[in-house]
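Report on the following structure.
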Amino acid sequence: MEVKDSNGNRLNDGDSVQVIKDLKVKGTSVTLKRGTTIKNIRLTSDEGEIECNAEKVKGLVLKTCFLKKVLDCRLTRPRQPPRGRGTASV
C-alpha cells in the first residue's frame, strides 16, 4: 500500500506534513489553519487517511488530500531578515 499526499509525494510513518486548507475538526470548536505543521504522522490501513496529533487536538484522523509533505524542517520556519551592515554612507 502506498500512501500519497495531495502533490503525489509518498508518505511514511514519522513524516511531517502541512495542512493545505483550513479544516474544521468535527466535535470541537477548533479549526486547523492552512500551513499548520503536523509532525510524526502514523499511516492507517486506509490509503486516504493518516493518524496524528496536532497541537490543539489529539488523536486526529486526516485525509491525505488536505496535506502536503514537509520535505525540510527549515522550510517551515519564518524567514529572518538579512543582517545588514547598516546604511551605506555616500
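Considering only the stretch 50-62, state which residues are over 14 Å from VAL19 (Cβ atoms) and either part of a strand (DSSP E or B) or within 12 Å of the chain's Cα centre (by Cα) (or both). Outline the logic, then answer.
In the first step, residues of the stretch 50-62 are kept if they are over 14 Å from VAL19 (Cβ atoms); the result is 51, 58-59.
Matches in the stretch 50-62: GLU51 only.
I need a count of the residues in the stretch 1-36 that are out of contact with any helix residue (DSSP H, G or I) (no Cβ under 9 Å at 6 or more places or on another chain), free of Cβ contacts under 8 Å to residues at least 60 places away in the same chain and not hydrophobic (A, V, I, L, M, F, W, C).
The total comes to 17.
Give me the pairs: first residue in the stretch 43-60 and in contact (Cβ under 8 Å) with a residue 60 or more places away in the chain, second residue surrounded by 13 or more Cβ atoms within 10 Å (Cβ to Cβ) and in a strand (DSSP E or B), beta-carbon distance under 7 Å, and six or more apart or on different chains, which are they?
none
Of the conditions (1) in contact with a Gly (Cβ under 9 Å, 6 or more places away or on another chain); (2) modelled with pLDDT under 95, ILE20 clears all except one; give me its number.
Among (1) in contact with a Gly (Cβ under 9 Å, 6 or more places away or on another chain); (2) modelled with pLDDT under 95, the lone unmet condition for ILE20 is (2).
The values are calculated or read from the model by the stated rules, or taken from the named source; none is laboratory data. As the structure is a computational prediction, the values presented were derived from the model and not from experiment. When we count neighbours, we look across all protein chains shown, and the Cβ atoms used for this are built from the backbone with ideal geometry, even at glycine.
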